[in-house]
Amino acid sequence: MPQKTNKIIILDDDLNMLNSLKRKFIIEKCNYDVMTFTSAKQAIQELSNEDCFAFITDIMMPDITGDYVIAHIKKTNPQQPCIVITGLATREKISRIVKSGNTVDIISKPINFSRLLKALNKIEVYKENGSAH
């Protein structure tokens, strides 16, 4: 049986938001190894290096959009659960992301941390049961 991972990758172009989220995981004593990235290329590379419990991405970023990142992950690692965070996404974009199949939740900014923890709990249940969300 593969070893269970608690690594979470968070991708966003807002460094302050990334640092704030990482601090919140520490303050709340959450048992996750949180890795933050402002570069999609680096985040995707880290994902390809080893298993990841959850991949969290923003939608609107200057160099690449989160829906493109989600589509790439769906092709290369279809079982990878993803959570989307957004402040500006259109309904059309959100609908496209939901249809990707590996998006567990879409959370609006500013991020409600308890909602994020609930989304992570959904992933835990999904992985334990091996069933769809």
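The values are calculated or read from the model by the stated rules, or taken from the named source; none is laboratory data. In this text, all values refer to a predicted model and were calculated from it rather than measured experimentally. Cβ sites come from the backbone with ideal geometry, for glycine too, and all protein chains shown count toward neighbours.
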Q: Looking at (1) under 21 Å from ASN6 (Cβ atoms); (2) loosely packed, with under 15 Cβ neighbours inside 10 Å, find the lone condition where GLY87 falls short.
A: (1)
Q: Determine if region 63-74 includes at least one residue that is over 29 Å from ASN129 (Cβ atoms), within 15 Å of the chain's Cα centre (by Cα), surrounded by fewer than 16 Cβ atoms within 10 Å (Cβ to Cβ) and hydroxyl-bearing (Ser, Thr, Tyr).
A: yes
Q | Matching residues, region 110-124, being within 17 Å of MET60 (Cβ to Cβ) and surrounded by fewer than 16 Cβ atoms within 10 Å (Cβ to Cβ) | A | PRO110
Q | ASP58 being closer than 14 Å to ILE10 by Cα, at pLDDT 85 or above, touching a strand residue (DSSP E or B) at 6+ places or on another chain (Cβ under 6 Å) and loosely packed, with under 14 Cβ neighbours inside 10 Å | A | no
Q. Out of all the residues in region 87-95, is one or more touching a residue at least 60 places away in the same chain (Cβ under 8 Å) and closer than 21 Å to ARG23 by Cβ?
A. no
